Amino acid sequence: MEVNDVLTVSRDAMWVTLKLAGPMMIVGLAIGLLVSLFQALTQIQEMTLAFVPKILGIFVVFLLMMPFMVATMSEFMRELASRIVLGF
């Protein structure tokens, strides 16, 4: 395996990681911003108020994105396995 192959596999792995984690992270960020804005406007400083909506939102996105995530990981694994079998 040459340097270019390692860089290609590493780049693909990082891209897959971003595609899998990105939607959940964006939803967590958006919910966090909305809850922070709500807390600032109402002056409610309850710590659990920030965590519960984020957990629920991320869980819902995780369930909705599960087929996409499985397909993406399967495609990446097939490509990686074919590289191993072919030797490059």
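Can you tell me how many residues in segment 71-83 are surrounded by 11 or more Cβ atoms within 10 Å (Cβ to Cβ) and hydrophobic (A, V, I, L, M, F, W, C)?
Initially, segment 71-83 is screened for residues surrounded by 11 or more Cβ atoms within 10 Å (Cβ to Cβ), giving 72-73, 75-77, 79-80, 83.
Within this subset, residues satisfying the condition of being hydrophobic (A, V, I, L, M, F, W, C) are 73, 76-77, 80.
Count: 4.
Do the conditions hold for Met25, that is, is it over 22 Å from Arg11 (Cβ atoms), without any contact (Cβ under 8 Å) to a residue 12 or more places away in the chain and of a type in the set (A, V, I, L, M, F, W, C)? The answer is no for Met25.
Kindly indicate whether any position in segment 50-73 is within 30 Å of Val6 (Cα to Cα), polar (S, T, N, Q), part of a helix (DSSP H, G or I) and out of contact with any strand residue (DSSP E or B) (no Cβ under 6 Å at 6 or more places or on another chain). Yes, because at least one residue in segment 50-73 is within 30 Å of Val6 (Cα to Cα), polar (S, T, N, Q), part of a helix (DSSP H, G or I) and out of contact with any strand residue (DSSP E or B) (no Cβ under 6 Å at 6 or more places or on another chain). Taken over segment 32-49, residues that are assigned to a helix (DSSP H, G or I) and either surrounded by 10 or more Cβ atoms within 10 Å (Cβ to Cβ) or not hydrophobic (A, V, I, L, M, F, W, C) (or both) amount to 12. Applying a threshold of 8 Å to beta carbon distances and a minimum spacing of six or more residues, or different chains, the list of pairs starting in segment 53-78 at a residue that is over 23 Å from Gly32 (Cβ atoms) and ending at one that is of a type in the set (Gly, Ala, Ser) reads Phe76/Ala13.
Rule-based calculations on the coordinates, nothing more; no lab input. Computed from a prediction, not measured in an experiment: that's the story for all the values here. In this analysis, Cβ positions are derived from the backbone assuming ideal geometry, glycine residues included, and neighbour counts consider all displayed protein chains.
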